[in-house]
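Please treat every number below as a calculation from the coordinates, not as lab data. Model, not experiment: these values are computed from the prediction. Virtual Cβ from ideal backbone geometry, glycine too; neighbours counted across all protein chains shown.
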Amino acid sequence: MSVIYLLLTLSILVAIIFFIAFIYSVKKGQYDDSYTPSVRMLFDDELVINKTKKLTKD
């Protein structure tokens, strides 16, 4: 029974450590996307062309 308490405590501790690491990386800007906004306009034109092709086919 003491092994269950030990494993439960360790798993909660590891989960807290990972959560703190995640919060730290978000605050430091690890997940900020600086590439997509610069190329978004290239993909928007393709979507407009596809929509017009669908309209002309119908």
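Packing-wise, with mean Cβ within 10 Å as the measure, how do 29-37, 4-12 rank, highest first? Please list the in-between numbers first.
Numbers: 29-37: 8.0, 4-12: 9.7.
Most protected by this proxy first, the peptides run 4-12, 29-37.
Can you tell me the length gained on complete extension of the stretch S11 to D33, counting 0.36 nm per residue apart and subtracting the Cα distance? Present the calculation step by step, with values, prior to reporting the outcome.
Details: separation 22, 0.36 × 22 = 7.92 nm, distance 3.16 nm.
Extending this stretch completely gives an extra 4.8 nm.
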